[in-house]
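The values are calculated or read from the model by the stated rules, or taken from the named source; none is laboratory data. Computed from a predicted model, the values in this text were never measured in an experiment. Cβ sites come from the backbone with ideal geometry, for glycine too, and all protein chains shown count toward neighbours.
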């Protein structure tokens, strides 16, 4: 292993959100390591408006130490309380997928939908944000009881991360890499730029995006396709006006050959059509998207292949982000997994050098998480009856749910995945089970008489009254975001049980009691095993 003055050197190859988040995680959590990020100004960043999951806030502010006020000022995020899906039975209403749903079964049994499953659901229904006005006209934050995430505009986000990274001591180099050298034992020894400069590191972190320049290109690590589960392979991205109607959620609308996202920013909605080129040409997709999104501006086409590499870490190369795997934009798993992979890498490095050993176990863990994410996303396609086009008929007939196949069959028969976990018939984390249950009930695949409610009729009436009062006092999403720009600390999520619990998980701190607070969905997706 090569070192300088006793310090190990890590090279992060590629910028974007993956590169900068990885570099910051390594620099802040492993201060004895020298971190260099190499990106090319000749290489365009594929950036669109992006949604995140509730793990992002604890990661940015609690793990990386990024200043909240500065991020709000420079990145200008908007709130994401969940996802709204125009999905499911033909002619039915859209269903809400909130990050918190304490009354999921009660809502389904008593109203026929999951759209009244708690405060987060009601805020989404009324397009409210994270602040309410108290009787004395002061602001009160709802963040302590409503787990939330950010909607981010990618270019502003990456620009801010780059600034924070350089301030934190990440060395930055602008270089267009064109070649490499391998050491005698097969490790990657160095990479070379088109101007002849050569860069050598002890560990290379491949953040080169879909090209997978090091893991796939240099080391030849194979690619496992998810094409049997996910049929979309392209996206058109653009922007359209929202006329001040800012939503506190990511919108997902069923279209003829896929679906259309809506990621709200204060100035406009970032829109995108994720579709299958086997069923629709890019020109036809753009025409459909323009009919669906009045006022849509210029669009650009991004192609992708759902799948993952067959190994996450090989020799002295590890991949983070799209260079390892990608499913598709539904449920915002791309940034979620960048966080997960960066934290996994930090934990491994803390075990000590040399690092070229024992990668098989971590490779299996990462692969299982990605496979289960693929299965969860595929579930959305398997049972969507909104449209009867060739694409959706094929999805319903052919989508492979992988390890979820027997789970879903049994859950539909018995009522919920959480019930299977509770009675010991299935090994799955409670958060992952709740993710699947939200989709199952949102798609209305379970009979209401199969579920147990948590409150009686009187208790439900009281819940509805309380939620109605809270949402009546809540600011609109736009007003709430503007309030946070004036008073960043008014969001007040740092003391929330869900926030501190996730920070503890990221830093591997001793577990603290969460005071009965419900952990947000999509915190992680543990491997699915053992269906009895």
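Just to be sure before I move on: is residue 314 surrounded by 19 or more Cβ atoms within 10 Å (Cβ to Cβ), touching a strand residue (DSSP E or B) at 6+ places or on another chain (Cβ under 9 Å), in contact (Cβ under 8 Å) with a residue 60 or more places away in the chain and more than 18 Å from residue 225 (Cα to Cα) in the structure I sent?
No; evaluated as a whole, the condition is false for this residue.
Is the stretch 323-330 home to any residue that is outside any helix (DSSP H, G or I) and over 23 Å from residue 360 (Cα atoms)?
yes
Quick one: is residue 315 under 27 Å from residue 342 (Cβ atoms) and modelled with pLDDT under 95?
yes
Provide a single number: the residues in the stretch 381-416 that are surrounded by fewer than 19 Cβ atoms within 10 Å (Cβ to Cβ), under 27 Å from residue 367 (Cβ atoms) and in contact with a strand residue (DSSP E or B) (Cβ under 7 Å, 6 or more places away or on another chain).
The total comes to 2.
Considering only the stretch 38-48, I want to know if a residue exists there that is crowded, with 21+ Cβ neighbours inside 10 Å, farther than 26 Å from residue 419 by Cβ and modelled with pLDDT of 95 or more.
yes
Taking the condition within 30 Å of residue 256 (Cβ to Cβ) and either touching a helix residue (DSSP H, G or I) at 6+ places or on another chain (Cβ under 6 Å) or part of a helix (DSSP H, G or I) (or both), does residue 411 pass?
Considered against the rule, which asks whether it is within 30 Å of residue 256 (Cβ to Cβ) and either touching a helix residue (DSSP H, G or I) at 6+ places or on another chain (Cβ under 6 Å) or part of a helix (DSSP H, G or I) (or both), residue 411 comes out as yes.
Could you pull out every one of the helices (runs of 4 or more DSSP H) wholly within the stretch 439-515 that has 3 or more residues that are under 22 Å from the mean Cα position of the chain (by Cα)?
497-507
Surrounded by fewer than 16 Cβ atoms within 10 Å (Cβ to Cβ), over 20 Å from residue 107 (Cα atoms) and touching a residue at least 24 places away in the same chain (Cβ under 8 Å): is that true of residue 488 in this structure?
no
Could you look through the stretch 102-125, keep only residues that are without any contact (Cβ under 8 Å) to a residue 24 or more places away in the chain and crowded, with 23+ Cβ neighbours inside 10 Å, and pick out the one that is nearest to residue 471 (Cα to Cα)?
117
Output the residues belonging to the stretch 220-254 that are within 26 Å of residue 372 (Cβ to Cβ) and in a strand (DSSP E or B).
Result: 223, 224, 225, 234, 235, 249, 250, 251, 252, 253, 254.
Any residue in the stretch 190-205 that is at pLDDT 95 or above, under 23 Å from the mean Cα position of the chain (by Cα) and under 21 Å from residue 342 (Cβ atoms)?
Checked the stretch 190-205: at least one residue is at pLDDT 95 or above, under 23 Å from the mean Cα position of the chain (by Cα) and under 21 Å from residue 342 (Cβ atoms).
I need every pair where a residue in the stretch 9-24 that is at positive phi and in contact (Cβ under 8 Å) with a residue 12 or more places away in the chain has its Cβ under 8 Å from the Cβ of a residue that is assigned to a loop (DSSP other than H, G, I, E, B) and surrounded by 24 or more Cβ atoms within 10 Å (Cβ to Cβ), sequence separation at least 6 or different chains.
Hits for this filter: 14/207; 14/208; 16/207.
Taking the stated definitions as given, is residue 258 closer than 30 Å to residue 90 by Cβ, touching a residue at least 40 places away in the same chain (Cβ under 8 Å) and under 25 Å from the mean Cα position of the chain (by Cα)?
It is true that residue 258 is closer than 30 Å to residue 90 by Cβ, touching a residue at least 40 places away in the same chain (Cβ under 8 Å) and under 25 Å from the mean Cα position of the chain (by Cα).
Out of 301, 280, which single residue is surrounded by 20 or more Cβ atoms within 10 Å (Cβ to Cβ) and either in contact (Cβ under 8 Å) with a residue 40 or more places away in the chain or not in a loop (DSSP other than H, G, I, E, B) (or both)?
Being surrounded by 20 or more Cβ atoms within 10 Å (Cβ to Cβ) and either in contact (Cβ under 8 Å) with a residue 40 or more places away in the chain or not in a loop (DSSP other than H, G, I, E, B) (or both) holds for just one of 301, 280, which is 280.
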